[in-house]
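What follows is one structure encoded as structure tokens, with my remarks underneath.
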Amino acid sequence: MDAGSLTTPRRTTRQIHVGDVAVGGGAPVTIQSMTITKTADVEGTLQQIYALASAGCDIVRCTCNEIEAAEGLARIVPRSPVPIIADIHHQYRMALAALEAGVHGLRLNPGNIRKPEHIKAVATEAGARGVPIRIGVNGGSLDPALYAKHGGRVTPEAMVESAMQELAYFDEVGFDDVKISVKASNVPLMIEAYRQLADATDHPLHLGVTEAGPPPAGLVKATAGIATLLAEGIGDTIRYSLTADPVEEARAGRQLLEAMGLRERKNIDLIACPSCGRAEVDVIKVANDALAAFGDREIPLQVAVMGCVVNGPGEARDADLGIAAGRHRGHLFVKGQNVAVVPEDEMVDALVEWAEFIVEHGTEAALARVDTTKAQREAERDRAALLDDKGADANRSEQRVEIIRNL
Ligand code: SF4
């Protein structure tokens, strides 16, 4: 097994295209987010779309809730760097207007647009233009008739039935360019609904935990739902619904897919030790400073921030690059080999500089760049001094165990 990838095969689905982005059918899992500007504010919305695209978002959704929003879409779509989906809730005419604006996809909420003739009119027009539709079932706005039929509760069965009902209307007009979501804010409910949906259809699935809330709880909930399903091979495109800047949603989506080996790494993977009594620096601060310094730079390396040179380089030997603190200075290491010593306040700058060098010239060139024997000697010196200072039991664990034993 490749230690960096999942073993469960991804579910086989048909493939659709949102603009030039393939969804399902073996395509890479894509990241979506949604603008929070008024869509009529063309420049403000485009700024947000560009920010989302540079944070790794593949597809962006904008609300189309009024005619001014549809007019905005007509101006936004030609200038957008990524495909645009119009989010439609109550008025089917807004879907027709969004299609006229040239959007690459629609999202319809079957709980809110319920008249079959309206649903079929939109599907017919989308079909004529080759535009896909997401059937976006939402636990919080389930069709009241289905709610009543399922005992006055939102159940996985009710959500799947809502999606299948909409698919049947589409089928009546020969439209099947569809992906589906069955989102809920309750994580177990959402997981079960998607599992049942995955058994019921071969359309690609858009995953999300709706109204997850602000981070960190929102991130945890969304990850619990989305990652569980992805690990089972279910899911073709994802969205984190956070009460936060949408760029946070895009970053979270990207990071999740990279962590699960479902997308190629684009930005750094920063690992850091949890810190302990041996730490020679404020590891939390250095790690956060490093994250801020790397920002959204496209540096697809694993970078380690370690609190001490006693254990740091060894524990993070698999990282592409790292730094470990020792007596007011930082020991830089590349693939576990010490390469340089820098003053403590230059640790973060040095990490960024070395990372950029490795991305441009490779690891071998980085190791050949310096006298690694000298750096190794310096690291050994600090290591020995720190061991002298704090001994082998810096956290006093063994001393405590001894006391406990003697109680
Ligand atoms: S021993 Fe060093 S590297 Fe390990 S957690 Fe403590 S400070 Fe960090």
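Some observations on this one:
- Conditions (1) more than 16 Å from the ligand (Cβ to nearest atom); (2) under 19 Å from Thr372 (Cβ atoms); (3) in contact (Cβ under 8 Å) with a residue 12 or more places away in the chain: number failed by Leu256: (2)
- Inclusion of Ala384 among residues that are within 21 Å of Val283 (Cβ to Cβ), within 16 Å of the ligand (Cβ to nearest atom) and at pLDDT below 90 is not warranted.
- Of all residues in segment 360-377, exactly one satisfies the criterion of being surrounded by fewer than 16 Cβ atoms within 10 Å (Cβ to Cβ) and in contact (Cβ under 8 Å) with a residue 40 or more places away in the chain, namely Thr363.
- Segment 279-306 residues that are among the β-branched types (Val, Ile, Thr), paired with ones that are more than 16 Å from the ligand (Cβ to nearest atom) and open to solvent by less than 30 Å² (accessible area, probe 1.4 Å) (beta carbon under 6 Å, 6 or more apart): Ile299/Ile268; Ile299/Ala355; Val303/Ile268
- Residues that are part of a loop (DSSP other than H, G, I, E, B) and surrounded by fewer than 21 Cβ atoms within 10 Å (Cβ to Cβ), drawn from segment 18-57: Gly19, Asp20, Gly25, Gly26, Ala27, Pro28, Ile36, Thr37, Lys38, Ala40, Asp41
- Residue, nearest to Lys266 (Cα to Cα), within segment 307-328, restricted to residues that are without any contact (Cβ under 8 Å) to a residue 60 or more places away in the chain, assigned to a loop (DSSP other than H, G, I, E, B) and within 9 Å of the ligand (Cβ to nearest atom): Ala316
- Selection within segment 387-402 - part of a helix (DSSP H, G or I) and either within 10 Å of Arg278 (Cβ to Cβ) or within 15 Å of the ligand (Cβ to nearest atom) (or both): Leu387, Asp389, Lys390, Ser397, Glu398
- Of all residues in segment 121-153, those satisfying the criterion of being closer than 20 Å to Ile191 by Cβ and crowded, with 21+ Cβ neighbours inside 10 Å are Arg134, Ile135, Gly136, Val137, Asn138, Gly139, Leu142.
- The lone criterion from (1) under 29 Å from Leu189 (Cα atoms); (2) of a type in the set (A, V, I, L, M, F, W, C); (3) over 22 Å from the mean Cα position of the chain (by Cα) left unmet by Cys57 is number (3).
- Of all residues in segment 284-306 being within 15 Å of the ligand (Cβ to nearest atom) and in contact with a strand residue (DSSP E or B) (Cβ under 6 Å, 6 or more places away or on another chain), the one that is nearest to Asp382 (Cα to Cα): Met306
- Index of the failed condition, Thr243 passing every other in (1) open to solvent by 50 Å² or more (accessible area, probe 1.4 Å); (2) more than 16 Å from the ligand (Cβ to nearest atom); (3) free of Cβ contacts under 8 Å to residues at least 24 places away in the same chain: (3)
- Residue match in segment 71-83 (condition: at pLDDT 95 or above and within 16 Å of Gly136 (Cα to Cα)): no
The values are calculated or read from the model by the stated rules, or taken from the named source; none is laboratory data. Computed from a predicted structure; not experimentally measured. As a convention, Cβ positions derive from the backbone with ideal geometry for all residues, glycine included, and neighbour counts pool all protein chains shown. Just so you know, the surface numbers come from the protein's heavy atoms only, side chains and all, with ligands and any DNA or RNA stripped out. Shrake-Rupley method; radii C 1.70, N 1.55, O 1.52, S 1.80 Å.
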